[in-house]
Amino acid sequence: MATTRIHPLAAASHAHPYSYYAALRDEAPIFFDAEHKIWVVSRADLIMELMQSPHCVVRPPNEPVPAAIVGSAAAEVFARLIRMNEGQAHLHLKRALQRSLALVDTACLPQLVKKWRSAECDLHALCHFVPVAVLADLLGFAPDTRPEIMGWIADFVACLSPLSSEADIARASVAAQCLLVHFTGVLEGDLPQGSLLANLLQDSECPDRQALLANLIGLLTQSYEATAGLLGNCLIALQQHGVSDTLPLTSFVEEVARYDPPVQSTRRFVVQDFEIHGQLLRKGDAILLILAAANRDAAFNAKGDDFALSRTDRRSLSFGHGRHSCPGQVLAIKITTAILSDYLAQGGTAGPLQWMYQASVNGRIPRFISPQEC
Ligand code: HEM
């Protein structure tokens, strides 16, 4: 496994980031990284304060859309994503999404997992394809177009990463156009009763069509890498720690999400000077919030470095906190648990695994090296 130089933006995909995070928490819970020109925060209380602060927003005000994609179809989608917006537009869509997600019937999850998990799918397909295919079913998309959607989703996520090349961004833009056309058709067709999309369209705070289309793409792309990472990290934990015979599998998935989260960090941008923990943050500053470090903060979770399925008071920032916290948390845990349960029921043992982490500034998403039967 690669052991590259560790620094805040390389830690997420580093083989062993957790002792580095512990040192940051103990020695400099908030500091300015001059090399990367970003504040770095690793303590849970400070991160929660920043996530709730009115002085911090999710995009730099002078760059609402990344400069590399301005003018493309990907930019049209990006600009409307709930995740990238603040204010009233964000609030209305957030409430509509939360209500619609709460109404989705998840009793059918085991059948959906069986439907999409073909006998010969390898670990990559298990982690990347199955969760999104299941989510797309719950959303209410026509299943026959699924392989195409999956390819477009995989291409579109490239525009969300600062590591993408020009070619990646060009593909993301083509994918955005294809997804917009496809979802326009879906919205004009008959939607399955009770699906997330049907619920959303009936909600009084459903956004306008352009915002809805962009956020349908957003729901699938938000979940694509994050859920693949959670499931992949569960397989690794299965090999390293095993599951309990007595505790529900959900507690295993929740402990993995806390202990080795797929989204290790997120960013905020300062819109007004303010002070925190003796540091003056100025308008325009960028902040990296290391959620994975916070989860193991002793003041947040006792014995945070222990993998303990029996925690009764588990706390986690893996799905964010405050106004931008993840509305898909419950669903993501349920989908991951259903897939893992099916995997174990089919005799999957997740071992011996070999993997490396996908290059990313914030995601911890394993790529399993030798193809395994799953
Ligand atoms: C393991 C899977 C997932 C993880 C770890 C995850 C994590 C996160 C995190 C950390 C945030 C907050 C980002 C921030 O505040 O900067 C977030 C936001 C969001 N997530 Fe998830 N997520 C997952 C799955 C999902 C799923 C399945 C959906 C859709 C059903 C979803 C939809 C969203 C949306 C729409 C937001 C933006 C919310 C807002 O800005 O108010 N996520 N997610």
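Taken together, the values in this text are just the output of simple stated rules run on the coordinates, not laboratory data. What you are looking at is a predicted structure, and each value in this text was computed from that prediction instead of being measured. Backbone-built Cβ (ideal geometry, glycine too); neighbour counts: all protein chains shown.
Inter-part distance, the stretch 49-64 to the stretch 317-369, computed on C-alpha centroids, equals 27 Å. Here are some pairs, LYS114/LYS303; LYS37/LYS303; LYS94/LYS334; which of them have Cα atoms lying more than 30 Å apart in this structure? Correct reply: LYS114/LYS303; LYS37/LYS303.
Extent of the stretch 257-374 along its three principal axes (Cα atoms, max minus min coordinate, largest first): 55, 34, 26 Å. Using just the alpha carbons, could you tell me how many Å³ per residue the convex hull of the stretch 96-139 encloses? Spelled out: Cα convex hull of the stretch 96-139, divided by residues, is 64 Å³. What is the diffusion coefficient of the stretch 181-313 in µm²/s, taking the Kirkwood radius over Cα pairs and the Stokes-Einstein relation at 37 °C with a viscosity of 0.692 mPa s? Here the translational diffusion coefficient equals 176 µm²/s.
Relative contact order, percent, of the stretch 161-294 when contacts are C-alpha pairs under 8 Å separated by at least 6 residues?
Working: 87 pairs, mean separation 20.7, N = 134.
Relative CO of the stretch 161-294 lands at 15 percent.
Can you give the charge dipole size of the stretch 1-97 about its Cα centre, rounded to the nearest 20 debye, using +1 on the beta carbon of Lys and Arg and -1 on the beta carbon of Asp and Glu? Don't skip to the end; give the middle numbers.
Details: 9 positive and 9 negative charges, 68 e Å.
Computed charge dipole of the stretch 1-97: roughly 320 debye.
Can you give the calculated 222 nm mean residue ellipticity of the chain, where each DSSP H run of n ≥ 4 adds -39,500 (n - 2.57) and the sum is split over every residue, rounded to the nearest 500 deg cm²/dmol? Write out the running numbers ahead of the final one.
Working: 14 runs with 173 residues, N = 374.
Value at 222 nm, helices only: -14500 deg cm²/dmol.
Taking 18 Å as the cut-off, the amide N atoms of the stretch 132-152 that come nearer than this to a point 7 Å along the Cα-to-beta-carbon line of GLN193 belong to 138-141. Based on the reciprocal of the average 1/r between different C-alpha atoms, the Kirkwood radius for the stretch 90-233 equals 15.8 Å. Once you treat every alpha carbon in the stretch 1-136 as an equal point and sum by Debye, what is log10 I(q)/I(0) at q = 0.14, 0.18, 0.21 Å⁻¹? Debye curve over Cα of the stretch 1-136, log10 I(q)/I(0) at q = 0.14, 0.18, 0.21 Å⁻¹: -1.13, -1.20, -1.16. In summary, the aspartates and glutamates within cross-link reach of LYS115, defined as a Cα separation below 13 angstrom excluding same-chain residues under 8 places away, comprise ASP137, ASP144, ASP342.
For the chain, report the convex hull volume of the alpha-carbon atoms normalised per residue, in Å³, without decimals. Intermediate values should be presented prior to the final figure.
On the way: hull volume 51.5 nm³, N = 374.
Dividing the Cα hull volume of the chain by its residues yields 138 Å³.
Subtracting the Cα-Cα distance of PHE274 and HIS55 from 0.36 nm times their residue separation leaves 78.1 nm of extension gain.
Could you tell me the calculated FRET efficiency between THR145 and ALA28, based on Cβ-Cβ distance and R0 = 45 angstrom, to the nearest 0.05?
Details: r = 49 Å, r/R0 = 1.10.
Once rounded, the FRET efficiency stands at 0.35.
With the contact rule set at Cα under 8 Å and sequence spacing of 6 or more, what percent relative contact order holds for the chain? Numbers along the way, then the final one.
Details: 578 pairs, mean separation 106.2, N = 374.
Relative contact order comes out at 28 percent.
Taking only the alpha carbons of the stretch 101-178, we obtain Rg and Dmax values of 14.3, 43 Å in that order.
Each 10 Å bin from 0 upward holds the following percent of the Cα-Cα pairs of the stretch 152-221: 19, 46, 25, 10, 0. Set against the 2.2 N^0.38 Å expectation for a compact globular protein, the stretch 288-329 has a Cα radius of gyration ratio of 1.21.
Can you tell me the dipole magnitude for the stretch 223-374 around its Cα centre, using point charges on the Cβ only (Lys, Arg +1; Asp, Glu -1), in Debye to the nearest 20?
On the way: 14 positive and 14 negative charges, 87 e Å.
Taking the Cα centre of the stretch 223-374 as origin, the dipole is about 420 debye.
Put a plus charge on the Cβ of each Lys and Arg, a minus charge on the Cβ of each Asp and Glu, and nothing anywhere else: the dipole of the chain about its Cα centre is then about 380 debye.
Here the spin labels are modelled as points 7 Å beyond Cα on the Cα-Cβ line, and at HIS7 and PHE307 they lie 3.1 nm apart.
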